[in-house]
Amino acid sequence: MLSISRSCLRGIYSCHWNSQNRRPNRACCWLSFLSFVSILALIWMYVCLIAFNDHNDVNGHAFKTLKKWVNWYMIVMVVSAVLATYCLLLLVFGLLHLAVREPLDLHWLHKVFLFLGLLTVTLGTAGFCKEWIEEWQAVYMSFQLI
């Protein structure tokens, strides 16, 4: 039973379903990067939730710019939730790898998705800073309440 769970864990994290004695050089760097992106994704999700009060402003501004009415706020929320969930699950699998002493070998597709997630959060934050600079005050006050 333990070998089946290890094989499943290895397959999800590194896409190597059979046991290999591979020791990647930068495994800890990738785990650190995964932790960093996970924290950023959680913070971005929190910022999006704080901005819920202004979701009509977001949609109205997007309508003025794009001349098409779409619930952009909900799209951003769904993308943020998927990104945060993906990063956190991958982080949990990485930590489980450490717990059962499996070699950390993050699959290249996960690395690409992590970079895309980092790019998404960076572009979202840049857009947020450019268009709704006054919203940062609400985020700051929210952090103070917590």
Along segment 64-76, Karplus-curve 3J(HN,Hα) (6.51, -1.76, 1.60; θ = phi - 60°) to the nearest Hz, with x for Gly and Pro, reads 4, 6, 9, 6, 9, 8, 9, 7, 5, 4, 5, 5, 5
For segment 90-97, in order, what is each residue's ³J(HN,Hα) by Karplus, 6.51 cos²θ - 1.76 cosθ + 1.60 with θ = phi - 60°, in whole Hz (x at glycine and Pro)?
5, 5, 4, 5, x, 5, 5, 4
Tell me which aspartates and glutamates have Cα within less than 14 Å of Lys64's Cα, excluding those fewer than 8 residues away on the same chain?
Glu131
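Where a number appears in this text, it was derived from the coordinates with a stated rule and is not lab data. Just so it is clear, the model here is predicted, and its values are computed rather than measured.
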